[in-house]
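Everything below concerns the one structure shown next.
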Amino acid sequence: MELSRHEQALLAGQRGRAAQKAMEILAALGDIYGAERTVPVASVQIAGVSYDNLGQAGLEFLAEMADGGGRACVLATLNPAGMDVENWQALGIDAAFVHNQAQVLGAFARMNVVTTCSCTPYLVGNLPHYGQHVAWAESSAVCYANSVLGARTNREGGPSALAAALTGRTPAYGYHLEENRRPTLTVQVRGPLGETSDWGALGKAIGDALQGRGENPVPYITGIERASLEQLKSFCASLATYGGSALFHAPGITPEAACHKPPREMLIITPDDLAAAQASLNDASAAEVDFVSLGCPHLSIHELARLAGLLEGKRVTKEFWLTTARPTRQIAERMGYAQVIEASGAKIAADTCCVVAPIRGRFRAMATDSAKACYYAYAKNGLKTRFRPFDQVVAEALR
Ligand code: F3S
């Protein structure tokens, strides 16, 4: 990869050890993927924040980068941590974990990374516009940025996203290049899509069908007339989880679709496919459910308002987490939604989620409306899952 004089200076260590390490990471990635140059990025979203995933080695790497003078030179935001920073006791997080997680967040803060702790950066101030290059980790947000916003990003890992934050650049390969953003097959969707869970099931159905159809398939999805922000964030999370997709186009829904024609290769998703996807995410009976969670990806203010309506004057009977970004929680407080929700016994868990919090061994089965959460609930925490529409998930918590 060809480096500018500034990049060569970074690589030579003239701007400190952390910037040098960051440039080494980017240069290695550029060489592996055959990038000819780097591109400046407008923003960064960094994943790998929970101490539950990072462990001591990850914490030491971050501390070393902060001590080595690493400082973000573009807007850089953070994925969820393993706890609610202000209300961790309510979630049953132990003090040793809190200590380590606080050190992780402290290291990021020292590097000028904004500790948003949310997987929906586009709801809390990190909102790139059409055509902008960014370097985002967090697969659901990457799919949202590429597809819904029309920004350009690869699926970064934690270290490569941090490296982009500290240098303001990323190697120009993959989804940064026009030729890799063209659709590779048409997906015709037939079936009702109302609830966020329907969109999660659609992401799973398409994701499963994409297996074995090339390395980076870009579906051109037809048959969808409208979609809300909440439906799209659910769909992006599921499509990225089950299909590894970082980009899709949908005429009338995503901005870049207008630049492309539908490819000849065609896949049809039927109502039976959607029903099969729904069924495959259910292996827990109602009686087994002892944990309920909504907010994967993080809840929007619209969803918190809906929850306040559903929970008003009621009492939940199970551990019920509503995961969201702290600024969204603060708006919910101003509107009185948070007070209504918490009076029911449900817990608004800001800064974290049911996947990255250290909950292994605490619960048996989880009810959720998120196809992505179902995947990780089983894979990371060994939980059975009950996959239901939003309102029915609330009903599970009240049952
Ligand atoms: Fe976000 Fe956690 Fe789901 S990071 S997308 S809520 S697994």
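Within the range 359-380, which residues are open to solvent by 40 Å² or more (accessible area, probe 1.4 Å) and either basic (Lys, Arg) or out of contact with any strand residue (DSSP E or B) (no Cβ under 7 Å at 6 or more places or on another chain) (or both)?
Kept after step one, since they are open to solvent by 40 Å² or more (accessible area, probe 1.4 Å), are these residues of the range 359-380: 360-362, 364, 375-376, 378-380.
Answer for the range 359-380, where residues must be open to solvent by 40 Å² or more (accessible area, probe 1.4 Å) and either basic (Lys, Arg) or out of contact with any strand residue (DSSP E or B) (no Cβ under 7 Å at 6 or more places or on another chain) (or both): 360, 361, 362, 364, 375, 376, 379, 380.
Please name all residue pairs, on different chains or six or more residues apart, with Cβ atoms under 7 Å, provided the first residue is in the range 168-183 and is touching a residue at least 24 places away in the same chain (Cβ under 8 Å) and of a type in the set (A, V, I, L, M) and the second residue is surrounded by 20 or more Cβ atoms within 10 Å (Cβ to Cβ) and not in a strand (DSSP E or B).
Within 7 Å, the pairs are 172/35.
Tell me, which helices (runs of 4 or more DSSP H) wholly within the range 1-106 include 1 or more residues that are at positive phi?
On the way: elements: 5-11, 17-32, 51-67.
Filter on the range 1-106 gives 51-67.
Take the residues of the range 263-286 that are open to solvent by 60 Å² or more (accessible area, probe 1.4 Å) and assigned to a loop (DSSP other than H, G, I, E, B): which is farthest from the ligand (Cβ to nearest atom)?
Checked the range 263-286; the qualifying residue farthest from the ligand (Cβ to nearest atom) is 264.
Which one of these is polar (S, T, N, Q) and within 16 Å of the ligand (Cβ to nearest atom): 87, 112, 53, 100?
Numbers: 87 fails: within 16 Å of the ligand (Cβ to nearest atom); 112 fails: within 16 Å of the ligand (Cβ to nearest atom); 100 fails: within 16 Å of the ligand (Cβ to nearest atom).
Only one candidate qualifies: 53.
Specify which of the listed residues (397, 357, 371) is in contact with a Lys or Arg (Cβ under 9 Å, 6 or more places away or on another chain), within 12 Å of the ligand (Cβ to nearest atom), among the aliphatic types (A, V, I, L, M) and touching a residue at least 12 places away in the same chain (Cβ under 8 Å).
371
Within the range 165-190, how many residues are under 27 Å from residue 251 (Cβ atoms) and touching a strand residue (DSSP E or B) at 6+ places or on another chain (Cβ under 7 Å)?
Result for the range 165-190: 9.
Do you know which residues across the range 125-156 are assigned to a loop (DSSP other than H, G, I, E, B) and either within 16 Å of the ligand (Cβ to nearest atom) or buried (at least 24 other Cβ atoms within 10 Å of the Cβ) (or both)?
126, 134, 137, 138, 151, 153, 154, 156
So which residues in the range 287-319 are in a strand (DSSP E or B), under 23 Å from residue 124 (Cβ atoms) and either away from the ligand (no atom under 14 Å from the Cβ) or open to solvent by 10 Å² or more (accessible area, probe 1.4 Å) (or both)?
296
I'd like the full set of residues that are assigned to a helix (DSSP H, G or I), open to solvent by 10 Å² or more (accessible area, probe 1.4 Å) and over 14 Å from residue 123 (Cβ atoms), limited to the range 230-244.
The answer is 231, 241, 242, 243.
The values are calculated or read from the model by the stated rules, or taken from the named source; none is laboratory data. If you're wondering where the values come from, they're calculated on a predicted model, not measured in any experiment. Note that each Cβ is placed from the backbone with ideal geometry, even for glycine, and that neighbours are counted across all protein chains shown. Ligands, DNA and RNA are excluded from the accessible area calculation, which covers all protein heavy atoms including side chains. Shrake-Rupley method; radii C 1.70, N 1.55, O 1.52, S 1.80 Å.
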